[in-house]
1. So in region 89-137, with the set limited to residues that are within 20 Å of residue 75 (Cβ to Cβ) and of a type in the set (Asp, Glu), which one is nearest to the ligand (Cβ to nearest atom)?
2. Within region 184-205, restricting attention to residues that are out of contact with any Ser or Thr (no Cβ under 9 Å at 6 or more places or on another chain) and among the small types (Gly, Ala, Ser), which residue is surrounded by the most Cβ atoms within 10 Å (Cβ to Cβ)?
3. Just to be sure, is residue 38 away from the ligand (no atom under 16 Å from the Cβ), under 22 Å from residue 90 (Cβ atoms) and either buried (at least 17 other Cβ atoms within 10 Å of the Cβ) or in contact (Cβ under 8 Å) with a residue 12 or more places away in the chain (or both)?
4. Can you tell me which of 140, 203, 157 is in a helix (DSSP H, G or I) and within 15 Å of the ligand (Cβ to nearest atom)?
5. For region 230-245, which residues satisfy the criterion of being within 16 Å of the ligand (Cβ to nearest atom) and either free of Cβ contacts under 8 Å to residues at least 40 places away in the same chain or buried (at least 24 other Cβ atoms within 10 Å of the Cβ) (or both)?
6. I'm trying to understand the selection: among the residues of region 160-200, which are among the basic types (Lys, Arg) and either in contact (Cβ under 8 Å) with a residue 40 or more places away in the chain or within 13 Å of the ligand (Cβ to nearest atom) (or both)?
7. Just checking, which of 210, 276, 262 is of a type in the set (S, T, N, Q), within 15 Å of the ligand (Cβ to nearest atom) and over 21 Å from residue 146 (Cβ atoms)?
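Bear in mind these aren't lab numbers, they're just calculated from the coordinates by the rules spelled out. Here the structure is a predicted model, which is why all the values come from computation and not from measurement. Heads up, the Cβs are rebuilt from the backbone with ideal geometry, glycines too, and the neighbour counts pull from every protein chain shown.
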Amino acid sequence: MKVNGQPYRSIWLKPDDPTVVQIIDQRHLPHRFVIEDLRTAEQTAAAIRDMHVRGAPLIGAAAAYGMYLAALNAPQESADAFKDAVFRAAHLLGETRPTAVNLAWAIERMLAAEDRPAEDFDEKIASLRREAEALADDEVGACRQIGEHGVKLIEEVSKRKEGRPVNILTHCNAGWLACVDYGTATAPIYAAHDAGIPVHVWVDETRPRNQGARLTAWELGQHGVHHTVVVDNAGGHLMQHGMVDLVLVGSDRNTRSGDVANKVGTYLKALAAKDNQVPFYVALPSSTIDWELRDGLKEIPIEVRDSGEVKTIQGLHDGEVKSVLLTPETSPAANYAFDVTPARLVSGLITERGICEASEQSITALFPEKG
Ligand code: MRU
C-alpha cells in the first residue's frame, strides 16, 4: 500500500543491503513514520515481543526474516553449530507471543527450509532468504485474494442500498500494517474503494494499545477511505440503530471448527452483531488456521500482557509522543490481549480460496488437503 504516495510493505529486505531487514516501527504511528533496521534474530524477537511489528501475518513474516538473520549470523565451523544457532533462534522467536498461530507456522516452514540439503553455508543462507521472501509474497497474494473474494459481500450490500455508503465496523488493526500488504479485514474495503463503491468504516479505537485509533485510522486515511473512530463500547449502539451493515475483523488463530481468536473485544462485537442481525465476517489467510485445534475456548492460548498498557495511554503533546497515567498509581490492572469468538457467532470466513461458513465441514471443503 502507499504512504504519502510511496509504495510500502510493512517488512522488507534493505534494497542495497540484504543483511538488513527493515520494518515500519508501528509504536510511533500515526504521529511519526519510523523505519527500523533489524540485523539479528534477537532484535527481531524484541520487535515482535514489544510490538514494533504486530498482527498475526506480519508476526509470521517477521519470524521468517528473523530465522534468515539467524542463519546469516550463525557460526560456520560445523553444520551442527550452524543448525544449533538456527534452532536457538527458532526457540527465541517462538517464545515472543503465544496467540497468533502464524508465528509457529512460519518457524516450522523456515526449519523445513533449513533442513533441505545445500552445497554450502552460503547456499543454505540463500535458501532461507528465498523462503522468507516467498513466505512474505505468499501472504501478500493471500491478502489480495481475500480482497477479491470479500469485495463481493460489500458489492451486495451496496446494491441493496442503491449506492449509499456501506457502513463497515472493524476492530483492532487487520490492515496492511498487520500483514505484509493489503491486510485481511481491510483488503475487501480497499478493493471496494478502488472499485468506486462508497464505503464508510467505523474504526474501534481498540484499547489498550489503540491499534484502531492509531493504525487503522492512519492507513485508511492514507488510502482516502472515509472512516470514523469510535470508542470500543459504541459498536452495539451503532448496530442497534442500523448504522452498521457489516462487521469485518481479522484473526490471530482460528480452529479447524471455525472458532476465532482475535483482539480482545471482538467477541462482544460478535454478540452485538448476532443480536442485531448484522453479518459478522472474519478475514484470514489459511496460515492463521490451527488445524490441530477444535475447541477455541479451551485450546487457544490467550496472551496476557503488562498491566502498564492498561494503566497508561500514549499520545502526541507539544510535538512529542508522551505516555500518561490514566489510573490511580496503586490500582491493579489486568491486560488480556485476545478473546475467542465461538463459530456460532460468525457469519462466514473470508480466505484466500473464497468464503466459507465457520464450520469444520465448510472449512475443509475449501481446504480438502486438511480434511
Ligand atoms: O496485539 P496485536 O496488535 O498483534 O493484535 C492484532 C489483531 O488482533 C489482529 O486483528 C489480527 O492479528 C489479525 S491481523 C491481520
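1. The selected residue is 114.
2. Step one: of region 184-205, the residues out of contact with any Ser or Thr (no Cβ under 9 Å at 6 or more places or on another chain) are 187-188, 190-191, 193-196, 205.
Still in the list and also among the small types (Gly, Ala, Ser): 187, 191, 195-196.
Numbers: 187: 29, 191: 22, 195: 12, 196: 8.
Per the stated criteria, the residue is 187.
3. Working: away from the ligand (no atom under 16 Å from the Cβ): yes; under 22 Å from residue 90 (Cβ atoms): yes; either buried (at least 17 other Cβ atoms within 10 Å of the Cβ) or in contact (Cβ under 8 Å) with a residue 12 or more places away in the chain (or both): yes.
For residue 38, the condition - away from the ligand (no atom under 16 Å from the Cβ), under 22 Å from residue 90 (Cβ atoms) and either buried (at least 17 other Cβ atoms within 10 Å of the Cβ) or in contact (Cβ under 8 Å) with a residue 12 or more places away in the chain (or both) - is met.
4. Details: 203 fails: in a helix (DSSP H, G or I); 157 fails: within 15 Å of the ligand (Cβ to nearest atom).
Result of the check over 140, 203, 157: 140.
5. Of all residues in region 230-245, those within 16 Å of the ligand (Cβ to nearest atom) come to 232, 235.
Result: 235, single match.
6. Going residue by residue through region 160-200, those that are among the basic types (Lys, Arg) are 160-161, 164.
If the condition is that a residue be among the basic types (Lys, Arg) and either in contact (Cβ under 8 Å) with a residue 40 or more places away in the chain or within 13 Å of the ligand (Cβ to nearest atom) (or both), then 161 is the only one that fits.
7. On the way: 276 fails: within 15 Å of the ligand (Cβ to nearest atom); 262 fails: over 21 Å from residue 146 (Cβ atoms).
After applying the criteria, what remains is 210.
Residue by residue, here is whether (1) closer than 19 Å to residue 282 by Cα; (2) of a type in the set (Phe, Trp, Tyr) holds:
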{"position": "92", "(1), (2)": "no, no"}
{"position": "105", "(1), (2)": "no, yes"}
{"position": "113", "(1), (2)": "no, no"}
{"position": "118", "(1), (2)": "no, no"}
{"position": "122", "(1), (2)": "no, no"}
{"position": "137", "(1), (2)": "no, no"}
{"position": "162", "(1), (2)": "no, no"}
{"position": "166", "(1), (2)": "yes, no"}
{"position": "171", "(1), (2)": "yes, no"}
